[in-house]
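**Student:** Submitted below is the structure of interest, expressed as structure tokens.
The values are calculated or read from the model by the stated rules, or taken from the named source; none is laboratory data. Since the model is a prediction, treat every value here as computed from it, not as a measurement. Here the Cβ positions follow ideal geometry from the backbone for every residue, glycine too, while neighbour counts run over all protein chains shown.
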Amino acid sequence: MLFKDRTVAGQLLAGELKEYADCPDVLVLALPRGGVPVALEVAKALNAPLDVFLVRKLGVPGQEELAMGAIASGGVRVVNQDVVRNHRLFEAAIHKTAVREQRELERREKLYRGDRPPLNLHGATVIVVDDGLATGATMRAAIMAIRQQDPARLVIAVPVAAAETCRDIEAEADQVICAMTPEPFYSVGLWYENFSQVSDTEVQDLLKQAETNLLIRN
């Protein structure tokens, strides 16, 4: 099965989350950029507020698509020790990449949110949405950062994921919904007919749609 695009994937994923519809304590967080169009459909279906949560993958130098870790808002850094060991990476290389990605994370946070403060996650049921899970490094960084804000319940929801990664993430969240776990997996983009990169402008437009629909609450 292939998803036509992220919007359709979000609509299908929302069907797996019906139990959270119209619950006043539910908040939906999108991992930019690819998770935003997916999360918008989830938020609309659940009648829940939507916000972005900034996470940046730390790519292996020369193989940037392979995650050696990730960083998230709040100063969280997650390192995939297996990747680091297999590629004989030193701390200096990890630090250099982390500094660069931190600058990009801060740029996007200002661009996407402006002066609007992030949602208060304390005591909320937080549903974190991305367009898929491969290694899970980005999602693990998000989980660590969100846990620091003491939500009542943390739900991870993605349209497609590697089965092993989905199982691993289950140990770190209260509930994990991976709508599809194909084997062999290879990559997230393989399971979308249209997996074009989501631009900063598209993210801004989608968040404006959410605000228009009263899905963003200050």
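**Student:** Within segment 160-204, how many residues are surrounded by 13 or more Cβ atoms within 10 Å (Cβ to Cβ), farther than 14 Å from VAL129 by Cβ and in contact with a Lys or Arg (Cβ under 6 Å, 6 or more places away or on another chain)?
**Tutor:** Total meeting the criteria: 1.
**Student:** Is it true that some residue in segment 117-132 is surrounded by fewer than 20 Cβ atoms within 10 Å (Cβ to Cβ) and in contact with a helix residue (DSSP H, G or I) (Cβ under 9 Å, 6 or more places away or on another chain)?
**Tutor:** yes
**Student:** Here is a follow-up. Check VAL99, VAL55 and return the single one that is closer than 29 Å to ALA163 by Cα and not small (Gly, Ala, Ser).
**Tutor:** VAL55
**Student:** Hey, can you tell me all the residues within segment 25-43 that are within 23 Å of ASP200 (Cβ to Cβ) and either at pLDDT below 95 or outside any helix (DSSP H, G or I) (or both)?
**Tutor:** Selection gives LEU27, VAL28, LEU29, ALA30, LEU31, PRO32, ARG33, GLY34.
**Student:** Then there is this: What are the residues in segment 170-183 that are at pLDDT 95 or above and of a type in the set (A, V, I, L, M), if any?
**Tutor:** Selection gives ALA173, VAL176, ILE177, ALA179, MET180.
**Student:** Which numbered condition in (1) touching a residue at least 24 places away in the same chain (Cβ under 8 Å); (2) among the acidic types (Asp, Glu); (3) part of a helix (DSSP H, G or I) is the only one that ASP22 fails?
**Tutor:** Of (1) touching a residue at least 24 places away in the same chain (Cβ under 8 Å); (2) among the acidic types (Asp, Glu); (3) part of a helix (DSSP H, G or I), only one is false for ASP22: (3).
**Student:** So which pairs qualify, if the first residue must be in segment 184-212 and at pLDDT 95 or above, the second must be charged (D, E, K, R) and part of a loop (DSSP other than H, G, I, E, B), the Cβ gap must be under 7 Å, and the two must be at least 6 apart or on different chains?
**Tutor:** VAL188/ASP131; TYR192/ASP5; GLU193/LYS4; GLU193/ASP5; ASN194/LYS4; ASN194/ASP5; VAL198/ARG33; VAL203/ARG33
**Student:** Still on this model: Criterion first (within 19 Å of ALA67 (Cα to Cα), within 15 Å of the chain's Cα centre (by Cα) and buried (at least 20 other Cβ atoms within 10 Å of the Cβ)) does ALA157 satisfy it?
**Tutor:** The answer is no for ALA157.
**Student:** Got a number for residues in segment 82-106 being farther than 16 Å from ARG56 by Cα and out of contact with any strand residue (DSSP E or B) (no Cβ under 9 Å at 6 or more places or on another chain)?
**Tutor:** Going through segment 82-106 one residue at a time, the tally reaches 7.
**Student:** Go through VAL76, VAL55, VAL83 for me and flag whichever is modelled with pLDDT under 90, over 20 Å from the mean Cα position of the chain (by Cα) and surrounded by 12 or more Cβ atoms within 10 Å (Cβ to Cβ).
**Tutor:** VAL83
**Student:** Another question, then. I'm trying to understand the selection: among the residues of segment 167-178, which are closer than 11 Å to ARG140 by Cα and either acidic (Asp, Glu) or in contact (Cβ under 8 Å) with a residue 24 or more places away in the chain (or both)?
**Tutor:** Correct list: ASP168, ILE169, GLU170, GLU172, ALA173.
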